[in-house]
Structures are given as C-alpha cells and as structure tokens.
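Beneath this line is the structure, given in structure tokens, with notes to follow.
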C-alpha cells in the first residue's frame, strides 16, 4: 500500500508541474460540473420556444443570444454538455473494455489467435475512423445507442493494438515467468500481474480518445447522422445554424467554441498524463 501511495504521489507531483495539463484538468472539471448541474445553471428551459425572441443577438437577457426558434443558446449549450460527455466517455469506455480484452488475449497467447485478431484489427484500421462510424450509423440508424456503438467500434482497434504491445512486453518480465513456474493460472497472471502494469498507455489513449469521440459525434450530428433535434448537442446546433451563419454568426460561434475548448482541455490533459506516467521522465 505504501508503494502504491508513493507511486501516486510521484505521478501527481509530475502532473502538477505541467501547467498546461493542470489547466486542462481544471477546464474539464468545470465542464463535468456543468453537465451534472445543468438544470441548475441553465437560465432557461432548453426546449422553450419564444417566437417573439427569434435570432436575438447576445444580450444581458440572453448572453449567447437565441436561435431560429427563440430558444436560449446558452441553456442549450449547457445541456448539450451532457450529451457530449455521455458520448465521449461511454463510447471510449466500450472501446477500452472490448479492445483491451482483445489485446490482452492476443498479446499473451500469441500464435494463430494473435494473427487472426490482429488481421481483423488491421482491416478495421485501414478504414478512417470517421468513415467507419458513419457507415455503421447509416446501417443501424440515428440514435444515441447506435452512435456510441459506432464510435466504440471505430476506436476499438487502437486500444487493442496498444494493449497487445504492452502485454507482449510485460509477459517477458521475470515476475511473469516466476508466476508461471509457481503454477498460477494464465487468467490470474493476466489479471493480477500483467493488466495492472499495462494500464498507463491505455489511460493516456482513453483521454485522447474521448476528444476524438466528441469531435466525431459533433461531425456526425452536423451531417444529420448523430443526435437528432430538438435534443441539444453541439454538432447538431451548428448544423441547424449553418443557414444563418452570415447574418447571425453567434449561433455557430458559441457551440463551436464549446467543442474547441473541450477538445483542447482533453488534449492538454492527455499530454500531461503521458508525461506523468512515462517512467523515463519520472525517475
């Protein structure tokens, strides 16, 4: 327990030294809190239409202005935070679990099973992630569940490859050999010896993967394949506002800024985690 505590303190000290990573962490914390307390923070009901206030520029009453139906844009962006985080975290969690399991089995057992699983991932990685996600949603239909599945499948090969590489390195270590000599089962070695020592690169990739998922979801909603109106989602908001961009640019600017800030924060934190978890930089 003492060793684990010292490892965590060392990790936290390294992360705190990275000012940009801490900035990303603070921004993400605020975004998560915004999603949790959206019903408290939003000044208006995100579905409430007021035709007398259609396409009003930002003001004290509506800080981010109103859309073509008179709905408060700030309230819709706040509630849209929930959709983006659910898609980002949910799809990457599925990809980490499924891809991690594939990589764990492939890297540990090797042989024909490794060749089969890696050839499948090679085929999937040959298709651009966005294009693969679009094809899956086009086949299954537009819904939150299908969007989660599509993005998870698009990112799954990356996590499988990363886990396989770390497992192949870890299985050659002396502690794994010692466990085999002692007669410990393969699954116990995988779960207790190899998996804990293979998580660091997965954590870093997951942070960056969430950024990919949010951006992909926004792009697909923009094309009409993601979250459907009137549910507030940043990409869908930009899609419906694109016809008014010349006369009412704020309708695109604010949801676009929300996407940009979230992606930037995730990338800053991901870079910081990569450095803090790198043993070459820690010792």
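Rule-based calculations on the coordinates, nothing more; no lab input. Note that the structure is a prediction, hence the values are computed from the model and not measured. Cβ: placed from backbone, ideal geometry, glycine included. Neighbour counts: every protein chain shown.
Observations on the structure shown:
- Förster radius 51 Å - calculated FRET efficiency between residue 139 and residue 36 (Cβ-Cβ, nearest 0.05): 0.90
- Here the contact order of the chain, divided by its residue count and restricted to Cα pairs under 8 Å and six or more residues apart, works out to 26 percent.
- Degrees separating the helix 19-36 axis from the principal Cα axis of the chain, which is the longest one: 60
- Extension gain (nm, one decimal) between residue 55 and residue 175, 0.36 nm per residue minus Cα-Cα: 36.7 nm
- Rounded Å value of the spacing that divides the Cα centres of the range 122-187 and the range 215-276: 26
- In the chain, the longest principal axis of the Cα atoms and the axis of helix 129-140 are about 70 degrees apart.
- Cα gyration tensor shape for the range 187-263, rounded if a/c is under 1.5, else prolate or oblate: prolate
- 244, 79 arranged by Cβ crowding within 10 Å, fewest neighbours leading: 244, 79
- Ranked by how many other Cβ atoms sit within 10 Å of their own Cβ, fewest first, the residues 198, 221, 142 fall in the order 142, 198, 221.
- Least to most buried among 7, 172 (fewest other Cβ within 10 Å first): 172, 7
- Summary value for the range 193-274: 34 percent relative contact order, contacts being C-alpha pairs under 8 angstrom separated by 6+ residues.
- Under the criterion of Cα pairs below 8 Å and six or more residues apart, the relative contact order for the range 83-184 equals 44 percent.
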